[in-house]
Amino acid sequence: MLKAAGAAGVAVTAATALPATATAADSGFAHPGLLHTRADLARMAAKVKAGATPYTAGFARLTANRHAQSGWTPRPQTTVYRGSGTPENYATLYNDIHAAYQNGLRYHVSGDSAHADTAVAILNAWSSKLTSVEGTADRFLAAGLYGYQFANAAELVRDHPDFDLPRFQELLSKVFAPLSDDFLVRHNGAVVTNYWTNWDLCAMACVLATGVFCDDRAQVARAIDYFKHGDGLGAIRNAIPVVYGDGLAEWLEAGRDQGHALLGVGLMGTFCEMAWNQGYDLYGYDDSRFLKGAQYVAKWSMGGDVSYTANTRAKGAIGGWSGRETASAAARVDPAMTRPIWAMIANHYTKRRGLSASYLTRIAAKSSPEGGGGDYGPNSGGYDQLGFGTLAFTRDRVSDTGASPAPTAPSPSGARPRTGGTASPAPGHDDLAATGSDDLVGWSAAAGITAVAGGLLLLRRRGRGEGAG
């Protein structure tokens, strides 16, 4: 079980608008219902068929990608390795995952069954062969990133008659989810704040996505509880530790570098979107804290000046070496750097909710049309997001009287009531998720971190009683 930090989060305020989501049977989850609902897929197909912009430009990015071709041949492995000192072969996995996802998405938009068949062939090949994910600490990154992506690819074809759904559920529940679940409990034997925000977030995304795909209600509940109350740096108040008076909120990894900050925002957006489609409004949680953090990163990434409160964080191994490190300013940025993360977030806040988010709007327009894996470089950092947000997440703005109602979370019995409501106003490192197995830079922002005079953020850790992992 994931260990919660204990403090209850701030409730969503009445001013937080909440959206409509697909309804599921009383006994389960909405399917498809991770990044894309059935209504989302129907909207993409209808808009592209009608020649509507910018959907057509987004679809053109998809069809041009080499992974989206129906002739793709999978190369499944028995064991996937990630991390220095191991026979790394994880590039084979992420290329095949993106081919499965892109073919599945292309099928839903075009109706060409050859792409669905290709996606199914890729997924069945891997579920018939893969038995473990191994390596250095980076194995947790592999499990998290590729676990949530695999689940999303499979969700697109879960009803295909040739797809082996039980076997793929077993793959996710026995190979990927246990590593991510364990990381959120033990953090690889390190102090809870040792690993950067994106390590937690990819593990959280895997636990949530595999829980939904496998209809595991307890697993989904653990992931969402961690988002709200977790001890690690992926929990929302630790990832976004300071809210400023200008409506922006500091993103923790802005003190590290731009690439990892973009990765973290993309992962948190992914987590919120998947939760939203199952009836949980995490986008609006804690007075829309994620909106404030995403706006901060958008402004900063476009070269704008942002505040940064100096903070000191613990690092090291439990019962072993330890240290502390201080970040005092936001890192320098390259305004030309982009990742396919902004359309999803901007469209949620400005179109679904009708809120103002000027920096998100600007950076989403600048990044459009968004591509996907294979369009942002050949190394793993270019495959950390599934992408194609211009096609997948562009939405019509809600009307003044018909704003998107907020999702309602499942009840303890598992039933999901119908929703309702109205809206109201590092040099040389290619892997964005990785620090490297020997880079134990522990940036701590444990639950309870507080700004004090002089700008220093002090750590107020709760007792954990964790053992070494």
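Brief remarks follow.
- Average projected area [Cα convex hull, the range 178-334], square nanometres: 9.2 nm²
- Applying Stokes-Einstein at 10 °C and 1.306 mPa s to the Kirkwood radius of the range 196-243, computed over alpha-carbon pairs, gives a translational diffusion coefficient of 148 µm² s⁻¹.
- 26 Å Cα-Cα threshold exceeded, pairs from LYS228/LYS366; LYS292/LYS351; LYS49/LYS292; LYS129/LYS315: LYS228/LYS366; LYS49/LYS292; LYS129/LYS315
- Centroid-to-centroid separation of the range 231-297 and the range 360-396 [C-alpha atoms, Å]: 18 Å
- Scoring 204-211, 342-349 by mean Cβ neighbours within 10 Å over their residues and listing the highest first yields 204-211, 342-349.
- Compared with the alpha-carbon gap, the fully stretched path from ASP305 to SER358 is longer by 17.6 nm at 0.36 nm per residue.
- Ranked packing of 330-338, 176-184, 293-301, most packed first, by mean Cβ within 10 Å: 293-301, 176-184, 330-338
- Percentage, to the nearest whole number, of Cα pairs in the range 300-381 over 20 Å apart: 57 percent
- Taken over the range 21-149, the ratio of Cα radius of gyration to 2.2 N^0.38 Å equals 1.20.
- Put simply, the amide H of SER132, placed in the peptide plane, has neighbours under 5 Å in VAL80, leaving out anything fewer than 5 places away on its chain.
- Chain lengthening between THR326 and ASP182 when straightened (0.36 nm per residue, less Cα-Cα): 49.1 nm
- Taking amide H atoms as placed 1.01 Å from N in the peptide plane, the amide H of ALA249 lies under 5 Å from those of TYR244, GLY293, TYR296, each 5 or more residues away in sequence or on another chain.
- Accessible surface, per residue, of the range 283-344 when the full set of protein chains is kept, probe 1.4 Å, Å²: 39 Å²
- For peptides 309-319, 104-114, sequence by mean Cβ density within 10 Å, most packed first: 104-114, 309-319
- Backbone N under 12 Å from the THR92 label point (7 Å along Cα→Cβ), restricted to the range 131-156: 131
- Across the range 59-74, the residues whose backbone nitrogen lies under 16 Å from the label position 7 Å along the beta-carbon direction of ALA125 are 66-74.
- Local net charge near THR79, Cβ-Cβ under 10 Å (Lys/Arg +1, Asp/Glu -1): 0
- Averaging 1/r over every pair of different alpha carbons in the range 113-192 and inverting the result gives a Kirkwood radius of 13.4 Å.
- Apolar share of the accessible surface for the range 292-382: 48 percent from carbon plus sulfur atoms, 1.4 Å probe.
- Compactness of the range 244-381, taken as the C-alpha radius of gyration over 2.2 N^0.38 Å, stands at 1.12.
- Projecting label points 7 angstrom from Cα along Cα→Cβ for THR63 and TYR244 puts them 4.4 nm apart.
- Note on the range 64-118: along the principal axes its Cα atoms extend 44, 19, 14 Å, ordered by decreasing extent.
- 3J(HN,Hα) from dihedral phi, the range 320-328, Karplus parametrisation 6.51/-1.76/1.60, rounded to Hz, x for glycine, proline: x, 5, 8, x, 9, 9, 10, 10, 10
The values are calculated or read from the model by the stated rules, or taken from the named source; none is laboratory data. Keep in mind it's a predicted model, so treat the numbers as computed, not measured. In this analysis, Cβ positions are derived from the backbone assuming ideal geometry, glycine residues included, and neighbour counts consider all displayed protein chains. The area values use the complete protein model at the heavy-atom level, side chains included, leaving out ligands, DNA and RNA. Shrake-Rupley method; radii C 1.70, N 1.55, O 1.52, S 1.80 Å.
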